[in-house]
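Everything below concerns the one structure shown next.
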Amino acid sequence: LLDVNGTASFKEGRLPGALDYAAQKAQLAALLPKDKSALVVAYCGNEHCTAYLSAATAAQQLGYTNVRHYAPGIDGWKNSGAKLDRG
């Protein structure tokens, strides 16, 4: 999971297991799974946000072939009542 909402938002709450794309994009190749067919999901704020494209494109440029978008974003996740990781 690649969170593209920025580091401040990332610390306030993110999908469990997500990486802070803004803080870790330089190390992305080392942090993503070795298997280039592994699922990589990028998300941002909500269904109207397109910031996820930067992380999705970066993963694709690294050779990942199963890159997806979690369209509801962090807002949708929060509204569903699902658990957030914080800190």
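The values are calculated or read from the model by the stated rules, or taken from the named source; none is laboratory data. These numbers were taken from a predicted model, which means no experiment stands behind them. Virtual Cβ from ideal backbone geometry, glycine too; neighbours counted across all protein chains shown. Heads up: the accessible areas ignore ligands, DNA and RNA and are worked out on the full protein's heavy atoms, side chains in. Shrake-Rupley method; radii C 1.70, N 1.55, O 1.52, S 1.80 Å.
If I filter the range 26-42 for residues that are modelled with pLDDT of 95 or more and touching a Cys at 6+ places or on another chain (Cβ under 9 Å), do I get at least one hit?
So in the range 26-42, the residues modelled with pLDDT of 95 or more come out as 26-42.
Now narrow it down to the ones that are touching a Cys at 6+ places or on another chain (Cβ under 9 Å): none.
Checked the range 26-42: no residue is modelled with pLDDT of 95 or more and touching a Cys at 6+ places or on another chain (Cβ under 9 Å).
Among the residues of the range 36-60 satisfying the criterion of being free of Cβ contacts under 8 Å to residues at least 24 places away in the same chain and either among the aromatic types (Phe, Trp, Tyr) or touching a strand residue (DSSP E or B) at 6+ places or on another chain (Cβ under 9 Å) (or both), which is least open to solvent (accessible area, probe 1.4 Å)?
Within the range 36-60, the subset free of Cβ contacts under 8 Å to residues at least 24 places away in the same chain is 48, 50, 53, 57, 60.
With either among the aromatic types (Phe, Trp, Tyr) or touching a strand residue (DSSP E or B) at 6+ places or on another chain (Cβ under 9 Å) (or both) added as a condition, the list becomes 53, 57, 60.
Numbers: Leu53: 84, Thr57: 57, Gln60: 104 Å².
It comes out as Thr57.
Quick one: in the range 62-81, which of the residues that are not in a loop (DSSP other than H, G, I, E, B) and not hydrophobic (A, V, I, L, M, F, W, C) is nearest to Asp20 (Cα to Cα)? Break it down into steps so the answer makes sense when it comes.
Looking only at the range 62-81, we keep the residues that are not in a loop (DSSP other than H, G, I, E, B), and these are 66-69, 73-79.
Those still in the list that are not hydrophobic (A, V, I, L, M, F, W, C) too: 66, 68-69, 73, 75-76, 78-79.
Values: Asn66: 19, Arg68: 17, His69: 16, Gly73: 14, Asp75: 16, Gly76: 18, Lys78: 17, Asn79: 21 Å.
Checking each candidate, the answer is Gly73.
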